[in-house]
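Worksheet: the structure to be examined is printed underneath.
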Ligand SMILES: [Zn+2]
């Protein structure tokens with residue numbers, strides 16, 4: 001406990017960062033404990049130094065901490081190539097092991113990937129399944145699963161920016177900062193873009209924006225194999241974890257809204273990722289297809305002057321300057337119409353990350369390996385009634401990083417008729433520190449919805465905690 005209490009000191013962590021690369025290397029690859037000890041001792045004596053909590057090449061947690069297990073890496077590890085699905089042969093064993101548990105459960109849907117984003121699904125017995133089949137529950141067909149976040153709550157706008165970081169991102173981050181609203185946006189980043197635009201990503205994190213997952217290469221996820229889904233999500237989580245001080249993302253958004261129960265289940269049960277969709281499509285993505293800006297302005301204005309009862313989770317982008325300029329242009333209207341802006345976790349009262357409250361807080365050394373039985377079948381096989389939400393099934397682009405997405409109609413009825421009660425899910429965060437674990441990792445409550453939510457269980461094995469803490473203390477003594 002002592003070691004983690006100490007390590008929780010932001011100043012200490014910042015001091016350690018001074019030695020980040022060599023420190024990691026020593027921990028990972030050498031037996032030079034004496035030198036390591038000297039470095040640590042020096043860090044302890046210089047902990048009054050305060051700096052940005054962000055650095056691109058350091059860990060906030062010891063590489064052998066429980067928190068690091070799911071995303072632990074060696075100093076020579078690299079990332080997959082950008083803009084294509086990472087080869088599954090490079091998937092870390094910890095991810096593969098958990099996927100095997102999930103797939104073996106009774107809850108796992110009995111179909112695989114579909115042939116294309118417009119193809120049907122085939123059950124293992126050959127039965128053809130359509131998008132509104134309860135076991136499929138495709139979001140873009142209007143099916144709502146209570147596990148998803150789709151509503152921001154009365155009077156709230158859940159501000160989201162997809163597809164960043166990009167060349168256009170800095171102007172967005174500057175605008176948000178100038179208006180002291182850097183923390184209101186949830187940025188669903190593409191892993192390949194984080195790889196290509198590290199400076200822009202650093203600016204995002206340093207400015208205080210909330211970071212979430214938008215896959216590695218922006219594919220239609222329902223067309224991916226189980227293993228490819230894991231690779232797309234896992235590597236994006238990995239690079240965010242690496243570049244954002246060991247914070248593990250808690251939310252993701254499927255590209256094009258292409259989300260069925262198989263994808264939904266792998267995201268949540270393998271990685272603890274809650275799916276975030278939307279109920280207000282700005283259609284800013286269609287500008288690149290020729291839609292006039294005036295049309296987008298009108299679409300957004302209609303939402304802003306419309307019903308506030310369910311709130312709006314706005315689908316917006318930061319892929320190009322037109323996207324960014326559109327938000328900047330419409331921001332005054334959001335304020336003048338009385339909306340309260342917030343990022344996704346703030347709209348639902350949750351922490352930003354699975355192991356940290358926000359960008360400026362140190363991550364708790366939780367184990368993020370999920371070991372509990374997966375959730376009850378009802379959540380993934382027959383829990384989701386089709387609602388009155390209408391949608392277009394036409395996706396507008398096939399470019400891998402396009403911001404095109406299938407759209408939910410602006411005239412949708414937002415009230416949900418979902419009546420299924422989610423069973424307790426099974427994401428287990430094992431705490432190994434004195435830091436209080438996230439009070440709950442429940443699937444975020446969804447305002448205005450006729451569902452109850454019992455959340456996910458949290459198990460804190462005190463014996464394991466004691467073991468790790470003792471080991472940490474011994475390590476301190478040794479060095
Ligand atoms: Zn996207």
Could you state the per residue volume, in Å³, of the convex hull enclosing the Cα atoms of the range 87-135? 106
Sorted from largest down, what three extents in whole angstroms do the Cα atoms of the range 266-336 have along their principal axes? 42, 31, 17
Of 210-220, 318-328, ordering from highest average Cβ density within 10 Å down gives 210-220, 318-328
Where a ≥ b ≥ c are root eigenvalues of the Cα gyration tensor, a/c under 1.5 meaning rounded, otherwise prolate if a/b exceeds b/c and oblate otherwise, the range 231-311 counts as prolate
Determine the distance separating the Cα centre of the range 314-361 from the Cα centre of the range 205-219; give it in Å without decimals. 12
Packing-based order for 306-312, 224-230, 117-123, using average beta carbon neighbours within 10 Å, highest first: 224-230, 306-312, 117-123
Whole-number D in µm²/s for the range 174-238 (Stokes-Einstein; Kirkwood sum over Cα pairs; 10 °C, 1.306 mPa s): 125
D_trans [Stokes-Einstein, Kirkwood Rh over alpha-carbon pairs] for the range 308-368, 25 °C, 0.890 mPa s, µm² s⁻¹: 173
Highest average packing first - 276-282, 245-251, 298-304, 332-338, Cβ atoms within 10 Å: 245-251, 276-282, 298-304, 332-338
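Read the figures in this text as sums done on the coordinates, not as results from a lab. Please read all numbers here as calculations on a predicted model, not as lab measurements. Glycine gets a Cβ as well: all are built from the backbone with ideal geometry, and neighbour counts include every protein chain shown.
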